[in-house]
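These notes are about the structure you will find just below.
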Amino acid sequence: MNLTQNKKKLINDPVYGFITIPDELLYDIIEHPWFQRLRRIQQLGLTDYVYPGAKHSRFHHAIGAMHLMTLALEALKSKGHEITEEESRGVLAAILLHDIGHGPFSHALEHSIIPDLHHESLSVMFMEELNIDMAGRLDTCIAIFTNTYPKKFLHQLVSSQLDMDRLDYLNRDSFFTGVAEGTVGSDRIIKMLDIVDDQIVVQEKGIYSIEKFLLARRLMYWQVYLHKTVLAAENLLVNMLRKARALAMSGVDLPMPANLRDFLNGRYSAASSSDRRSLCEAFAGLDDYDIFAAAKEWMKYPDPILRDLSSRLLNRELFRIQLDFQPFDEARISRLRQTWMSLGYSSSDVEYYVFTGEITNSAYKVGDENINVRLKSGQVMDIRKASDQLGLSVLTQSTRKFFLCYPKELDTLSV
């Protein structure tokens, strides 16, 4: 039996149809337990509290991004650009592994499991450890991911303002949430890609597709990623873990999965990243199920704050959330806190219930590896200048909003 051919599997994807795993190395990565864990990490955190269909995983997304990368490589090669088999294998592995460092519920708990350690840093650690296991077969992958490979356009395909990551998650998240505004013409955009001076550019006839891409990204942030009810749910989740960490660090023996305990009691932190293998093994043992399993136990725990926050999370009894373009009045925040404290909560406990924050929506960041368009004349310019849409300059502006969260019970009290 030809084992190499046997590893070129087909996956039936609901967004793209049949996806081929084009290389033995990619198959080995997918089969690894660390990658299989991504099946148990929800792509959109607690967004299913608003859009019930948003139950897809990081595994789905990584496979989809790999598929789009395959199409991008074919498009660029068809235009005469040289991309070797090793480079193709490396960039496909890089996009496949780009999210392997995500923890439970993806971005929702970005800094709650290991404070001050970004998921991309963890992804590099995972890649380096996998590279040891795979006898150096990920050398090119890691160089491309960390942008140290000579051909810079390969890194742009993995991480830039127009990469295969964004093209997949917009279409995929749109599909599973049912928010049609997020749909983008990924096939057309990929066919319009080209390379000039080692940089990814878009052919002039693809301008309108890029405009639609930027608009879709902005709308998806407001309607899905930064939906106010999603914010309320995820901040409740964060506060539940924050309270659990405070108890664990004080020596309280909370019931929870062993791997989660090791992170909440401080055994693993950004400072312990020097022991990469141990950290990766422990982190790879964490997924969404651990958090929910712990919350179910904490619903019965004597500590009233942890018990209440866990119950609210599991039963979707979310905080009230309000958004505004201006910071909320401090006097109002103080009144809300005082009213909540009058119900028997201490000043240290009220921070879990009445709190503020801010969000930003920036579909396009000027100066951050701009999306460049190659005109028919051969001139290359930024999409904002190349576009004839008057609203594109407004669309690319960053918008900031402030939010205020508090228990809905306070609406019935005099504040």
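Structure summary
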| quantity | calculated |
| --- | --- |
| Extreme residue, farthest from P33 (Cα to Cα), among residues of the range 271-295 that are in contact (Cβ under 8 Å) with a residue 12 or more places away in the chain and exposed (fewer than 14 other Cβ atoms within 10 Å of the Cβ) | Y289 |
| Meets criteria (modelled with pLDDT of 95 or more, within 13 Å of the chain's Cα centre (by Cα) and among the hydrophobic types (A, V, I, L, M, F, W, C)) for L162 | no |
| Criterion violated by K8 - all others in (1) of a type outside the set (D, E); (2) in contact with a helix residue (DSSP H, G or I) (Cβ under 8 Å, 6 or more places away or on another chain); (3) modelled with pLDDT of 95 or more satisfied | (3) |
| Cross-chain or 6+ apart pairs with Cβ under 7 Å, the range 81-107 first and free of Cβ contacts under 8 Å to residues at least 60 places away in the same chain and closer than 25 Å to D288 by Cβ, then of a type in the set (K, R) and part of a helix (DSSP H, G or I) | none |
| Subset of the range 110-128 [buried (at least 17 other Cβ atoms within 10 Å of the Cβ), small (G, A, S) and farther than 20 Å from L46 by Cα] | S123 |
| Residue that is closer than 19 Å to N131 by Cα and modelled with pLDDT of 95 or more, where the choices are I29, I41 | I29 |
| Evaluation of I333 against (1) touching a Lys or Arg at 6+ places or on another chain (Cβ under 7 Å); (2) part of a helix (DSSP H, G or I) (one fails), failing number | (1) |
| Residue pairs meeting the criteria (Cβ under 7 Å; at least 6 apart or on separate chains; first under 18 Å from N235 (Cα atoms), in the range 329-358; second surrounded by fewer than 13 Cβ atoms within 10 Å (Cβ to Cβ)) | E358/R400 |
| Failed condition for H81, given (1) more than 30 Å from N315 (Cβ to Cβ); (2) in contact with a Leu (Cβ under 9 Å, 6 or more places away or on another chain); (3) not in a helix (DSSP H, G or I) | (2) |
| Evaluation of I195 against (1) closer than 13 Å to N372 by Cα; (2) among the β-branched types (V, I, T); (3) part of a helix (DSSP H, G or I) (one fails), failing number | (3) |
| Cross-chain or 6+ apart pairs with Cβ under 8 Å, the range 38-63 first and under 19 Å from L318 (Cβ atoms), then modelled with pLDDT under 95 and among the small types (G, A, S) | Q42/S106; L44/S106; G45/S106; G45/A108; L46/A108 |
| Members of the range 235-261 found to be surrounded by fewer than 20 Cβ atoms within 10 Å (Cβ to Cβ) and among the charged types (D, E, K, R), listed by number | R242, R245, D253, R261 |
| Test for T148: is it among the polar types (S, T, N, Q) and either modelled with pLDDT under 95 or buried (at least 17 other Cβ atoms within 10 Å of the Cβ) (or both) | no |
| Qualifying residues in the range 108-145 (those that are closer than 25 Å to V230 by Cα and among the charged types (D, E, K, R)) - the one modelled with the highest pLDDT | E120 |
| Qualifying residue in the range 231-242 (condition: touching a residue at least 12 places away in the same chain (Cβ under 8 Å), under 27 Å from Q322 (Cβ atoms), assigned to a helix (DSSP H, G or I) and among the basic types (K, R)) | yes |
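Rundown of residues vs (1) closer than 19 Å to F105 by Cα; (2) in a helix (DSSP H, G or I), yes/no style:
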{"residue": "S278", "(1), (2)": "no, yes"}
{"residue": "E281", "(1), (2)": "yes, yes"}
{"residue": "D290", "(1), (2)": "yes, yes"}
{"residue": "A293", "(1), (2)": "yes, yes"}
{"residue": "K300", "(1), (2)": "no, no"}
{"residue": "R307", "(1), (2)": "no, yes"}
{"residue": "R312", "(1), (2)": "yes, yes"}
{"residue": "R316", "(1), (2)": "yes, no"}
{"residue": "Q322", "(1), (2)": "no, no"}
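The values are calculated or read from the model by the stated rules, or taken from the named source; none is laboratory data. If you're wondering where the values come from, they're calculated on a predicted model, not measured in any experiment. For neighbour counting, all protein chains shown are included, and Cβ atoms are generated from backbone atoms with ideal geometry for every residue, glycine included.
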